[in-house]
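For reference, the structure I am asking about is given below.
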Amino acid sequence: MILNAVLCGCGAMSKGWLRAIQETPALKAAIKVKGLVDVNPAAAEALAAEFGLEGAVTGTDLADVIARSNAEIVFDVVVPTARFNVVSTALKAGCHVLSEKPMATSLAEGAALIDLAAETGKIHAIIQNRRFISGVRRMRRFVESGSIGDLTAIHCDFFLGPHFGGFREEMDNVLLLDMAIHTFDAARYVADKKPLAVYCVERNPKGSWYRHGASANATFEFADDVVFTYRGSWCAEGERTSWESEWRLVGSKGMLTWDGADTFSAAVAGNEPGLLHGVAPVNVPEPAHEGETHGHASVISSFVEAINTGKRPETASSDNIRSLAMVFGAIESAKTGRRIEISA
């Protein structure tokens with residue numbers, strides 16, 4: 001079955017979505033992008049031309065373009081402040097929706113969208129593409145194997161200095177809201193634990209070209225006494241981490257490190273006598289399902305599968321709100337200076 005799609009929001013981010021569809025044969029066969037919506041009509045027309053979307057309806061009114069294109073799905077790639085209205089419009093028009101992150105600008109809005117998806121009987125999922133990469137899938141599989149015993153802690157470092165320009169440099173809580181959610185969501189996935197509480201310190205360091213909140217340090221309490229710590233900055237020049245962060249998983253029997261790129265190292269205690277018992281290396285297997293490691297394409301494939309089978313997608317909004325709650329808990333903690341319990 002071919003699904004007719006409307007893409008709403010024709011900025012730079014939308015190209016990653018369209019490339020994923022066009023470069024993945026199964027998705028290219030399953031999805032026909034028949035409409036493009038943007039507040040700037042020229043942006044929609046230019047995107048249609050760039051990707052060869054001949055005959056695609058373009059416009060500024062989402063409901064109108066949905067109707068004119070007979071759309072069954074909407075890809076929501078708008079700025080966060082426009083997300084609630086876009087998703088609400090699409091769900092009410094009878095479309096399934098796959099949204100950019102964050103899924104909402106508040107937990108109340110997120111909960112309202114979950115309720116609306118349930119009321120309309122439509123799927124609403126979030127494109128948390130960074131949990132669908134080989135490194136993150138490998139860590140989850142490794143934790144499940146028990147090779148380092150019971151997981152007790154996850155530690156992540158994220159230090160980069162991107163000069164985006166545009167809306168990000170004017171956002172409140174830019175690191176936590178626009179980027180850290182990727183690492184928070186991935187940590188929640190790797191641990192497979194519910195987040196319970198957070199304490200966070202947020203700053204906008206000297207030299208920052210962002211208006212607000214370009215760095216943050218957060219400590220999360222997960223269920224079963226697992227701790228997750230995050231140290232990050234989006235205005236850190238010089239020696240940098242990967243976009244996926246640098247990771248250390250601590251278990252009751254050993255540890256794993258991942259540099260966020262290609263290097264994994266894992267070991268358990270050795271048998272040497274004395275103060276330190278040495279280490280015994282442990283193999284870190286490849287992901288069990290290679291098809292789950294292609295970022296945008298894997299999330300979109302999961303979304304299409306959910307529509308066709310009724311299977312709940314991994315990044316359904318009803319689950320993803322827990323990652324959003326981690327972000328807003330960290331923001332509240334930073335504002336109040338208190339430990340904040342996470343209820344979602």
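Every number in this text was worked out from the coordinates using simple rules, so none of it is lab data. Quick caveat, the model's predicted, so the values are computed rather than measured. Methodologically, a virtual Cβ is constructed for each residue, glycine included, from the backbone with ideal geometry; neighbour enumeration extends over all protein chains shown.
Any idea what % of Cα-Cα pairs in the stretch 3-122 are farther than 25 Å?
It works out to 17 percent of all Cα pairs.
Can I ask one more? Between Ser134 and Lys92, what is 0.36 nm times their sequence separation minus the Cα-Cα distance? Round to one decimal in nm.
11.5 nm
Further, regarding this structure: Lys and Arg at +1, Asp and Glu at -1: add these up for the other residues within a Cβ distance under 12 Å of Asn4 and post the number.
+2
Take the alpha-carbon centre of the stretch 98-135, take the same for the stretch 1-77, and report the distance between them in whole Å.
What the calculation gives is 19 Å, centre to centre.
Cross-link list Lys28/Lys194; Lys92/Lys194; Lys92/Lys335; Lys28/Lys101: which exceed 27 angstrom alpha carbon to alpha carbon?
In this structure, Lys28/Lys194; Lys92/Lys194; Lys92/Lys335 lie more than 27 Å apart at Cα.
With r as the distance between the Cβ atoms of Ala118 and Glu272 and R0 = 45 Å, compute the FRET efficiency 1/(1 + (r/R0)^6) and round to 0.05.
Step by step, r from the Cβ atoms, then E = 0.20.
Relative contact order for the stretch 3-122: what is it in percent, counting Cα pairs under 8 Å that are at least 6 residues apart?
Relative contact order, the stretch 3-122: 26 percent.
Cα to Cα, under 20 Å, and not fewer than 8 places away if on the same chain: which lysines meet these conditions relative to Lys32?
Lys15, Lys122
Given the Cα-Cα distance of Ser252 and Ala42 and 0.36 nm per residue of separation, how much length would full extension add, in nm?
69.9 nm
Between Thr336 and Glu144, what FRET efficiency comes out of the Förster formula 1/(1 + (r/R0)^6) with R0 = 41 Å and r the beta carbon distance, rounded to 0.05?
Taking R0 as 41 Å, the efficiency between Glu144 and Thr336 is 0.70.
For the chain, with a Gaussian network of springs between Cα atoms less than 10 Å apart, report the residue from His124, His212, His277 with the top mean-square fluctuation.
His277
Between Pro195, Pro25, Pro102, where does the largest GNM mean-square fluctuation fall for the chain, given springs only between Cα atoms within less than 10 Å?
The residue with the greatest mean-square fluctuation here is Pro25.
Under 10 Å, Cα contacts only: if you run a Gaussian network model on the chain, which one of Val250, Val77, Val282 comes out with the highest mean-square fluctuation?
Answer for the Gaussian network model of the chain: Val282.
Also: Distance in nm between label sites at Asp262 and Asp192, each 7 Å beyond Cα in the beta-carbon direction?
3.0 nm
What value, in deg cm²/dmol to 500, does the helix sum -39500 (n - 2.57) over DSSP H runs of n ≥ 4 give at 222 nm once divided by the residues of the chain?
That comes out to -10500 deg cm²/dmol.
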